[in-house]
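Inspection log for the structure reproduced underneath, given as structure tokens.
The values are calculated or read from the model by the stated rules, or taken from the named source; none is laboratory data. Keep in mind that this is a model prediction, so the values were computed, not measured. Positions of Cβ are backbone-derived with ideal geometry, glycine not excepted, and every protein chain shown enters the neighbour counts. These accessible areas exclude ligands, DNA and RNA; they are computed on the full protein's heavy atoms, side chains included. Shrake-Rupley method; radii C 1.70, N 1.55, O 1.52, S 1.80 Å.
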Amino acid sequence: MLLKVEEKDNTFHIYGCSKLSESICPKTMEKTSQVYQKRERIIRDLPILGKAVYIHLTTRQFKTSSGYFWEQFSFSRKRGRFTYRYEEYIFESCKGADISYVAKQQGLNHDTVSGIFHAYSKKKLKDRKAILSVTRLGIDEIALKKGHKEYVCVLVDLDTHEVVELLPQRDKAYLIGYFKGLGASFCSQVKIFCSDMWQGYLSLAEEVFPQATIIIDRFHLMNYLQKGVENARRSLRNKFKEADELKGIRWTLLKKAEHLKRDEKEHLESIFKQPKYKLLKETYEAKEELRHIFDHIPFQKAGEILEEWVKKVKEKKLRHLFSFSKKIQNYWKKIIPYFQHRLTTSPVEGINNKIKAIKRRAFGYLNFDNFRRRVLIEFLE
């Protein structure tokens, strides 16, 4: 029953009490109307017009034949200081924001907001088994502590782009144990496994996922190609130290040709016209040719054309791409399937960037479980 509403000090205060004349003991289920004592209970509710709202409830303690009990209200937990909907509001406010910031905005202490967030996170993630529905799995890692070589492993459903799990380490033995622990049916249902070229990931996939096609992520592969182009540039910078035209072209060389600005394109053309830069020109052209192969060549022709590209690198003696072309040959069976399925771990890379932002926002995490919950909640639809 609403008694009155007051506005003071930029807050709303709502006064009320129950209009029921009797209550039921939650333990004995005995009905009683005998009131032993009353007290005021203050519960914070959702803000109105940007102003904090406090509900002042006249709460009664009832007497029964077996003892005493305080009446409870369905909108708040027992002895709770907030309504359920305000706690939910706090929880949602913490998504994409630092807990300290939310605490300051709401005039609450950090531990209170942190407690609400982690309690609701645990509740929402309880018995969550999103990974069990995955058939196309992407995997990558992120450093939990910069410079400490402490990695956590990110598992992503490549169909939904959802983070399905965050694991505390990327050790091969640990990962094998984790995946096998999910059961033989799960291991058999995974049809695509996509990762970078780290041998630990590739060998565990061969051991754990008998039905899966293993695909090496094209963007990780291209990183090695970019290093070859960069090495070609560096060798020329060391050889022609006074050549002004070679200064500031690193990112121009690594850009896609169609993304070059007019002045960048003209700058490269002026460099490539000079015979002394022939190796750089041909290395750059090989880079663009391979990118075109991955972007446009169909699966049926991919193997043949990729073989021609590797052969051309050798014939033209593009020494800065020798190591890269060797990788293509060594990982051939795990590269060619890309052209059929066109799957990459690029969703994982984008997710990793968001995870890094989460980590920065909280100035790092000392507790992995808290970090895991934060990541899974922020990616939970």
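Worth pointing out:
- Computed over the chain, the per-residue total of -39500 (n - 2.57) for DSSP H runs of n ≥ 4 gives a 222 nm mean residue ellipticity of -14500 deg cm²/dmol, rounded to 500.
- Integer Hz, Karplus 6.51/-1.76/1.60 couplings in order for region 329-336, x for Gly and Pro: 5, 5, 10, 3, 5, 9, 9, 4
- For region 34-109, the Cα-based Rg and Dmax, in that order, read 15.8, 52 Å.
- Share of carbon and sulfur in the accessible heavy-atom surface of the chain [1.4 Å probe, %]: 50
- For region 33-151: relative contact order, % (alpha-carbon pairs under 8 angstrom, 6 or more apart): 16
- Prolate/oblate/rounded label for region 260-366 (Cα gyration tensor, a/c 1.5): oblate
- The charge dipole of the chain, taken about its Cα centre with unit charges on the Cβ atoms of Lys, Arg (+1), Asp and Glu (-1) only, comes to about 780 debye.
- Its relative contact order, with pairs defined as Cα atoms under 8 Å and 6+ residues apart, puts the chain at 14 percent.
- Contour excess over end-to-end distance, with Cα ends at Lys273 and Tyr224 and 0.36 nm allotted per residue: 15.0 nm
- Choice from Gly200, Gly80, Gly228 showing the highest fluctuation, given a GNM over the chain with Cα pairs closer than 10 Å: Gly80
- With DNA, RNA and ligands ignored, accessible area of Glu30 (1.4 Å probe; Å², nearest 10): 60
- Most tightly packed first, judged by the mean number of other beta-carbon atoms within 10 Å of their residues, the peptides 238-248, 208-218, 59-69 read 208-218, 59-69, 238-248.
- For the chain, modelled as a GNM whose springs connect Cα atoms under 10 angstrom apart, the maximal fluctuation among Asn352, Asn109, Asn370 occurs at Asn109.
- Rg then Dmax, both in Å and based on the Cα atoms of region 212-297: 14.2, 53.
- The angle between the Cα long axis of helix 368-378 and the main principal axis of the chain comes to about 90°, on a 0 to 90 degree scale.
- Note that region 98-113 has calculated 3J(HN,Hα) couplings of 6, 4, 4, 5, 4, 4, 5, 5, 9, x, 10, 7, 4, 5, 5, 5 Hz, one per residue in order, obtained from phi through the Karplus relation 6.51 cos²θ - 1.76 cosθ + 1.60 (θ = phi - 60°); glycine and proline are x.
- Binning all Cα-Cα separations of the chain at 10 Å, short to long from zero, yields these whole-percent fractions: 4, 17, 19, 18, 15, 11, 7, 5, 3, 1, 0.
- With protein chains left intact and a 1.4 Å probe, residues in the chain average 56 Å² of accessible area per residue.
- The 3J(HN,Hα) values that the Karplus relation (6.51, -1.76, 1.60; θ = phi - 60°) gives for region 293-304 are, in residue order, 4, 5, 7, 10, 7, x, 4, 5, 10, 4, x, 4 Hz. Gly and Pro appear as x.
- Gyration tensor (alpha-carbon) shape descriptor, region 13-160, a/c threshold 1.5: prolate
- For region 145-265, the spread of Cα positions along each principal axis, largest first, Å: 62, 33, 23
- Choice from Arg39, Arg233, Arg319 showing the highest fluctuation, given a GNM over the chain with Cα pairs closer than 10 Å: Arg39
- Contact order normalised by residue count of region 202-302, Cα under 8 Å, 6+ apart, percent: 25
- Size of electric dipole in region 1-95: Cβ of Lys, Arg +1 and of Asp, Glu -1, about Cα centre, debye, nearest 20: 300
- Along the axis of the charge dipole computed for the chain (Cβ charges of +1 for Lys and Arg, -1 for Asp and Glu, origin at the Cα centre), the listed residues Val113, Ile55, Tyr84 are led at the positive end by Val113.
- For the chain, the antiparallel share of DSSP beta bridges with both residues in that region comes to about 70%.
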